[in-house]
Amino acid sequence: MTAATTSAPARRNATLDSLPDILVKRGLVDRARFVDSYVSIEDRSRRNRNFKVVVPDGPKLLVKQGSEGANGSWAAVESEARLLRTAATDPAFASIRWFSPKIVDYDEENQILATELIQPATTLTKYHVNLGNIHFPSEAGDTLGRLVASWHNAARKAWKGGRLEYVHRSQPFVAPTLEQLRRAPAQPTDVRSSYLKLVKEIVPYERHVAQIAEWEKEHKGVGHGDIRWDNVLITEGGGRGGNMNFRLIDWEMAYVGDPAWDVACYLGEYLRLWFMSTLGRQVTSVAEVESKAKFKLADTHESIAAFLDSYSRKSEIAAGKRPNLVPRLHAYLPYVVLLICYESLQRQAQFPPVCKVAIEMARDAIEDPQTKHHEWFGL
């Protein structure tokens, strides 16, 4: 006779149909509100299941659950929930709570995270686009430099104190992509494998990998891991200390490593928007992007300088000096350009020509970083 075994209950997936019952059972929304008032639930899913919940004269929530089949998605949401709980109580995070997401609930059994919905708000991308009048105010760069540095300082302090042991990811792109390149098939079968084949053919990918691995150890701290402009919200009113009223969301990709990767990713967002501004226009070369984009990269340099200067003054990893940061940015930025291209392939049936341009730019930046990064970012 064999011993009886019990298995963990299956996770309940959050859907538009199941979410009302989940919210009621977690005590987040009273059941009567679904009867006597209009509760708005919008599906905003991308990498994860995301839902925007608005109860009239009641709670406003962002509900998130990892997607089945998404690599590491469940664990990432759990890590974010733990990190937000730590930020809500740990003294190291006290100075940054005003621009951090507020955790409301975490359902450990079903791995469903609920945070306070920031409303009204717009993304930093939309703020820059400004109904087609693309602009890059130095004030925004200056504020974001201070906020990102403050986030890095707070997380590093908590991590060094042994209170972020669950944040175990390494830097999220360079090394994993190298492994994919080594395993890439000779003949591509889809847009992702076409990307890997082209990178393998024209980019000296491994040139800075060893140095990056050393910097990961030498400048170890905690990075956000997803510093894209769509994860920076600006809401109404003024922020603390005269800052613009920004919020830094989506902490699920936090990693242990060199936080300068985040800085490089922030700078890469200027290029991402530059590429995006050519949508609907055929571009096959850097010269064509330059002629068809809705702004010149030189227009971004003042904002970039404001970001880097304020970040360097505030950041422990830069020790108050911008030159301490620049060599690492020169090494990281070509890989950020490759990441931008890789992310653009989602839901693409064919390999977009602008992605080939990005890969060629990454190659050029690896071969001559000082010249190219001065031209693109004013470094």
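Return the residue satisfying two criteria in turn: it lies in region 47-82 and is modelled with pLDDT under 90 and not charged (D, E, K, R), and of such residues it is surrounded by the fewest Cβ atoms within 10 Å (Cβ to Cβ).
GLY69
For region 40-90, which positions are more than 16 Å from ALA14 (Cα to Cα) and touching a Gly at 6+ places or on another chain (Cβ under 7 Å)?
Once the filter is applied, which keeps residues that are more than 16 Å from ALA14 (Cα to Cα) and touching a Gly at 6+ places or on another chain (Cβ under 7 Å), region 40-90 yields only ALA76.
Restricting attention to region 207-232, which residues are basic (Lys, Arg) and either in contact with a Ser or Thr (Cβ under 6 Å, 6 or more places away or on another chain) or assigned to a helix (DSSP H, G or I) (or both)?
The answer is ARG207, LYS217.
Take the residues of region 161-187 that are assigned to a helix (DSSP H, G or I) and touching a residue at least 60 places away in the same chain (Cβ under 8 Å): which is surrounded by the most Cβ atoms within 10 Å (Cβ to Cβ)?
Top of the filtered list is VAL174.
Tell me which helices (runs of 4 or more DSSP H) are completely within region 318-379 and hold 3 or more residues being of a type in the set (Phe, Trp, Tyr), or say none if there are none.
326-344
Applying the selection to region 103-121, what residues are of a type outside the set (Asp, Glu) and surrounded by 15 or more Cβ atoms within 10 Å (Cβ to Cβ)?
Hits for region 103-121 are ILE103, VAL104, TYR106, ASN110, GLN111, ILE112, LEU113, ALA114, THR115, LEU117, ILE118, ALA121.
Restricting attention to region 360-379, report how many residues are touching a residue at least 40 places away in the same chain (Cβ under 8 Å), crowded, with 20+ Cβ neighbours inside 10 Å and farther than 9 Å from PRO334 by Cα.
Qualifying residue count for the region: 3.
Exactly one condition in (1) assigned to a helix (DSSP H, G or I); (2) crowded, with 20+ Cβ neighbours inside 10 Å; (3) not basic (Lys, Arg) is not met by SER291; state its number.
Among (1) assigned to a helix (DSSP H, G or I); (2) crowded, with 20+ Cβ neighbours inside 10 Å; (3) not basic (Lys, Arg), the lone unmet condition for SER291 is (2).
Is at least one residue of region 301-313 in contact with a Ser or Thr (Cβ under 7 Å, 6 or more places away or on another chain), at negative phi and charged (D, E, K, R)?
Yes, some residue in region 301-313 is in contact with a Ser or Thr (Cβ under 7 Å, 6 or more places away or on another chain), at negative phi and charged (D, E, K, R).
Can you tell me which residues in region 188-222 are over 19 Å from LYS356 (Cβ atoms) and either buried (at least 18 other Cβ atoms within 10 Å of the Cβ) or not assigned by TED's automatic domain parsing to the domain that holds TRP251 (or both)?
HIS208, ILE212, TRP215, GLU216, HIS219, GLY221, VAL222
For region 18-46, name all the residues that are charged (D, E, K, R) and surrounded by 17 or more Cβ atoms within 10 Å (Cβ to Cβ).
Scanning region 18-46 gives a single hit, ARG33.
Any chance region 242-257 includes a residue that's aliphatic (A, V, I, L, M), in a helix (DSSP H, G or I) and out of contact with any strand residue (DSSP E or B) (no Cβ under 7 Å at 6 or more places or on another chain)?
no
The values are calculated or read from the model by the stated rules, or taken from the named source; none is laboratory data. Source: prediction; values computed, not measured. Glycine gets a Cβ as well: all are built from the backbone with ideal geometry, and neighbour counts include every protein chain shown.
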